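Reviewing the structure listed below.
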Amino acid sequence: SQQGEEDPQALSIQEGENATMNCSYKTSINNLQWYRQNSGRGLVHLILIRSNEREKHSGRLRVTLDTSKKSSSLLITASRAADTASYFCATDLYGNKLVFGAGTILRVKS
Amino acid sequence: GAGVSQSPSNKVTEKGKDVELRCDPISGHTALYWYRQSLGQGLEFLIYFQGNSAPDKSGLPSDRFSAERTGGSVSTLTIQRTQQEDSAVYLCASSSVQGSANSPLHFGNGTRLTVT
């Protein structure tokens, strides 16, 4: 079974709106990462947040981590059409490998 | 510098044939990962290399799948006697951190394998 599960499966918003995606996981982690995948391409790393961190920012991205609830959220503010992509969370399993969720498909309409 | 390179980008093969997929990681990256992504799905872990050794090959679906890495660089994933359920995008990623998933992975664009 997958370690991380994203929610919602799909999200459609208007340009300029904020997009929030959630990730839940099952076991203790050292870190959690978010990746973006454009259609037909590989994944691109967005943010890594460690288990002792609660919030992290990178440009228009804000990631939170709640280890007590085993959940994380990715917020994209002032979305753009170019943000249209699939977004995946990934958690380390036994420190050796990243296990990915099924992803959230984000569509930003212009 | 150059990113992770995978070849071929697309491969169509007949059921029962063997295929080899190649991954050139970022120079100097010691950790290398193979994942499989079926249509509209997340990533399924296949195997992890640290240098030339594979401490974790737990994700290989069957004994038809094998992978090797030589010179701490190029890796090949071989699928023997391909089946239709092997159709997927095979993604390779590398990382500069040894033995740990505590750093970002750099992905190639994948090889799209279609078994007819």
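Structure values in brief
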quantity	calculated
Test: residue in the range B:83-100 that is surrounded by fewer than 21 Cβ atoms within 10 Å (Cβ to Cβ), more than 14 Å from chain A (Cβ to nearest Cβ), under 11 Å from the mean Cα position of the chain (by Cα) and among the acidic types (Asp, Glu)	no
Hits in the range A:28-84 (condition: closer than 21 Å to B:GLN37 by Cα and open to solvent by 40 Å² or more (accessible area, probe 1.4 Å))	A:ARG36, A:ASN38, A:SER39, A:GLY40, A:ARG41, A:VAL44, A:HIS45, A:THR84
Identity of the residue in the range A:85-95, within 12 Å of another protein chain (Cβ to nearest Cβ) and closer than 21 Å to A:ASN38 by Cβ, that ends up most open to solvent (accessible area, probe 1.4 Å)	A:SER86
Scope the range A:96-110; condition open to solvent by 20 Å² or more (accessible area, probe 1.4 Å) and either assigned to a loop (DSSP other than H, G, I, E, B) or on the phi > 0 side of the Ramachandran plot (or both); matching residues	A:ASN96, A:ALA102, A:SER110
Top-ranked residue of the range A:1-16 - restricted to ones that are over 16 Å from A:SER73 (Cβ atoms) and touching a residue at least 60 places away in the same chain (Cβ under 8 Å), ranked as least open to solvent (accessible area, probe 1.4 Å)	A:GLN3
Long-range neighbours under 6 Å by Cβ, at least six apart or interchain, first residue open to solvent by 100 Å² or more (accessible area, probe 1.4 Å) within the range B:8-28, second modelled with pLDDT under 95 and not hydrophobic (A, V, I, L, M, F, W, C)	none
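The values are calculated or read from the model by the stated rules, or taken from the named source; none is laboratory data. As the structure is a prediction and not an experimental result, all values here were calculated from the model. So basically every Cβ, Gly included, is an ideal-geometry build from the backbone, and we count neighbours across all protein chains shown. The area values use the complete protein model at the heavy-atom level, side chains included, leaving out ligands, DNA and RNA. Shrake-Rupley method; radii C 1.70, N 1.55, O 1.52, S 1.80 Å.
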